[in-house]
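Written below as structure tokens is the structure these notes are about.
The values are calculated or read from the model by the stated rules, or taken from the named source; none is laboratory data. It should be emphasised that the depicted structure is a prediction, and the values quoted were computed from it without experimental measurement. Here the Cβ is made from the backbone with ideal geometry for all residues, glycine too, and neighbour counts use every protein chain on show. We work out accessible area using only protein heavy atoms, side chains counted, and drop any ligands, DNA or RNA first. Shrake-Rupley method; radii C 1.70, N 1.55, O 1.52, S 1.80 Å.
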Amino acid sequence: MTAAMLAEAWVAMGANRLRTFLTMLGMVIGVGAVILMLAIGQGAQQQVEASIASMGSNLFIILSGSTTSGGLRMGGGAAPTLTLADAQAIGELPSVAAAAPSSPGTAQLVYGPNNWSTQIMGTTPSFLAVRDWKLAAGFPFTDSDIRSATRVALLGKTVVTNLFGDEDPVGKTLRIKNSPYMVLGVLAAKGQSLDGRDQDDTVIIPVTTAQRKLFGTRFVGTVRFIMVQADSADAMPAVERSINQLLRQRHRLREGADDDFSVRNLTALANTAAETAQVMSLMLGAIASVSLLVGGIGIMNIMLVSVTERTREIGIRMAIGARGKDILLQFLLEAIIISVIGCLIGVVLGVGGALTVNQLSGMTIVITPESIVMAFAVAAAVGIFFGWYPARKAAAMKPIDALRYQ
Amino acid sequence: MSGSPDAVIRIEQLYKEYLTDAGPVPVLKDVSVTVEPGEFVAVMGPSGSGKSTFMNILGCLDVATSGRYVLNGRDVGMLGSDELAHLRNQVIGFVFQGFNLLPRANLEDNVGLPLIYRGVARSERLDHAREMLAKVGLGAYNRSRPNQISGGQQQRVAIARALVNRPKLILADEPTGNLDTATSKEVMALFTELNERDGITIVLVTHESDIAANAHRLVRLTDGRVIYDGPIQHAAPEHLEATS
């Protein structure tokens, strides 16, 4: 019975190929758009999440406060109030995974005939853990390098490319401000940060080397900022409170006096970015869904025309014994076949389109099986939903009226 | 009440009205007819006499306003639309003036169509259909489409379709109305053969006296009433006229 109905639906669809094709096109475009938009949206989301992960997770940054010098107020981070000892004390707080004191600066690098200016980060080995930064080659410096302020360096990918070209830099010696530094390792590529900086254009050296030998400090042992990583996202509020307490104690601030430092939660910013990407992904999906709806209405429109055109045929079928539900099933099957085939073509075009976008623009795309399954389910549902009313209309005809219809 | 209990058709005091803007218009008034198995009945009457309405009610395509209609032992008035469809499928074979074949389907699919609604599998369906096409002399045209054969041949395909479910009753509404004299004779010979050899009961509407002459019994309708019901040989000449 159903096999016969399927065959008949197929014949009916073949009878007016152009119309069937145009009806199907509505579904093709709808499903294709949904797949493509979801692929792009989820790709963007994944890219944002990757950038966030590259920054490190559960992070605080502690900056020293501002200072006033002869009526000039310097910006935040200018007061020399944070020290290496502060960083060490924070590192010993409960729920703190690591704390990395940082003294950044900029200097000219020279290797052979090449030179390159870049940001140089003086810090401790825990910086790599806090930033979740792996080494692509070589090995990191250690606490003993910190103690003895050795001239060693870890190079970012961009620096390696500009100074060494294809040469392997590990074990080589380059010059920073005319002093020789040995390259211990190369940092794994991280790509762009959320604000567009090239994170790989950097050199990491021991914090003590930076303070004593490269940049110098006005007060011995002070650092520009301290990066702190909490054990988990849940522990962050407690960690923030204990850092505040600890630093007020260590800096001997009286009750009611302003903090001479500020603690900033970097995760909050990252979460906002992630949420934005998610909202964008949802919005793209929603816009594409509208075209799916339009496709469904197209099917309903054509099915209504088809029912009217084939009224006489319906009458003949009823006269020779078709029940209302046979007629209903026949038209419903036709609508479902159109939407499911349209969906199949739409999936192929959507996936193809997404791959093309990826090829042409290098945009990250993510095609999940869920989005394809969802597109299919929606297409079948659209077929049933929009096919139901015309099919119902056909089935409810009186045999004699249908047969007399001219 | 006349007729045996196993009558194919028993109609008692049937009324039919159509509702129009001007109020109800009566079309059939107090019609009582009984058809026994194996009869060949011609229904005649002028246009507007209600003969088409009468046939539609006989065929369970339309329902009477009042009165009783028992088809093959079942009271049609008590049945729902699915059961009516079942009766049309199993008990009745229709032959229409306009053939009413499906233009897109080939002849064997057209003839096999009623079997779809009985749930017969495709191969068996086609076997039956080919058998019926051979029976009406069109075995060579199984795969042709209706527009590739002549009108007389199309009507024979329609008869094959009416026969495919082995019905007790064939209802033919002006079956020769669109055919020339020669093909009309062929088609009527086929009806006669079905009636005499297979014992199928036939009720045929026509307005041509020479077509009606193939039947054994005449029912004459005028203005919604039966004015003659009896052997065709005894009918008055005016009862065999197309208009009166």
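Is there a residue in segment A:4-24 that is outside any helix (DSSP H, G or I) and either out of contact with any strand residue (DSSP E or B) (no Cβ under 7 Å at 6 or more places or on another chain) or away from chain B (no Cβ under 14 Å) (or both)? Yes - at least one qualifying residue is present in segment A:4-24. For segment B:49-78, name all the residues that are open to solvent by 30 Å² or more (accessible area, probe 1.4 Å) and free of Cβ contacts under 8 Å to residues at least 12 places away in the same chain. The answer is B:Asp75, B:Met78.
Pairs needed: first member in segment A:268-282, over 19 Å from A:Gln229 (Cα atoms); second member anywhere, surrounded by 13 or more Cβ atoms within 10 Å (Cβ to Cβ) and among the charged types (D, E, K, R); C-beta distance under 8 Å; at least 6 residues apart or different chains. As it stands, the answer is A:Ala274/A:Glu49; A:Ala277/A:Glu49, since those pairs meet every condition given. Scanning segment B:85-118 for residues that are surrounded by fewer than 21 Cβ atoms within 10 Å (Cβ to Cβ) and in a helix (DSSP H, G or I) returns B:His86, B:Leu87, B:Gln90.
In segment B:96-121, what count of residues is obtained for those that are of a type in the set (S, T, N, Q) and either touching a Cys at 6+ places or on another chain (Cβ under 6 Å) or farther than 19 Å from B:Ser144 by Cβ (or both)? Looking only at that region, the number is 1.
Here B:Ser150 fulfils each of the conditions (1) of a type in the set (S, T, N, Q); (2) without any contact (Cβ under 8 Å) to a residue 40 or more places away in the chain; (3) closer than 26 Å to B:Ile57 by Cβ apart from (3). Right, B:Asn165: open to solvent by 10 Å² or more (accessible area, probe 1.4 Å), in contact (Cβ under 8 Å) with a residue 40 or more places away in the chain and in a helix (DSSP H, G or I) or not? Criteria not met by B:Asn165.
Selection of segment A:155-175 for residues being under 28 Å from the mean Cα position of the chain (by Cα) and buried (at least 19 other Cβ atoms within 10 Å of the Cβ) yields A:Leu155, A:Gly156, A:Lys157, A:Val159, A:Val160.
Of the residues examined, A:Thr217 is not one that is within 31 Å of the chain's Cα centre (by Cα), hydroxyl-bearing (Ser, Thr, Tyr) and either at positive phi or surrounded by fewer than 17 Cβ atoms within 10 Å (Cβ to Cβ) (or both).
Residue-level check: of (1) more than 12 Å from every other protein chain (Cβ to nearest Cβ); (2) hydrophobic (A, V, I, L, M, F, W, C); (3) surrounded by fewer than 17 Cβ atoms within 10 Å (Cβ to Cβ), B:Ile159 misses just (3). Can you spot a residue in segment A:37-59 that is of a type in the set (Val, Ile, Thr), assigned by TED's automatic domain parsing to the domain that holds A:Val307, modelled with pLDDT of 85 or more and assigned to a helix (DSSP H, G or I)? Scanning segment A:37-59 turns up at least one residue that is of a type in the set (Val, Ile, Thr), assigned by TED's automatic domain parsing to the domain that holds A:Val307, modelled with pLDDT of 85 or more and assigned to a helix (DSSP H, G or I). Considering (1) buried (at least 21 other Cβ atoms within 10 Å of the Cβ); (2) within 15 Å of B:Gly59 (Cα to Cα); (3) within 11 Å of chain A (Cβ to nearest Cβ), the lone condition that B:Ile170 does not fulfil carries the number (3). Residue count for segment A:365-406, restricted to those that are farther than 20 Å from B:Ser81 by Cα, touching a residue at least 60 places away in the same chain (Cβ under 8 Å) and open to solvent by less than 40 Å² (accessible area, probe 1.4 Å): 10.
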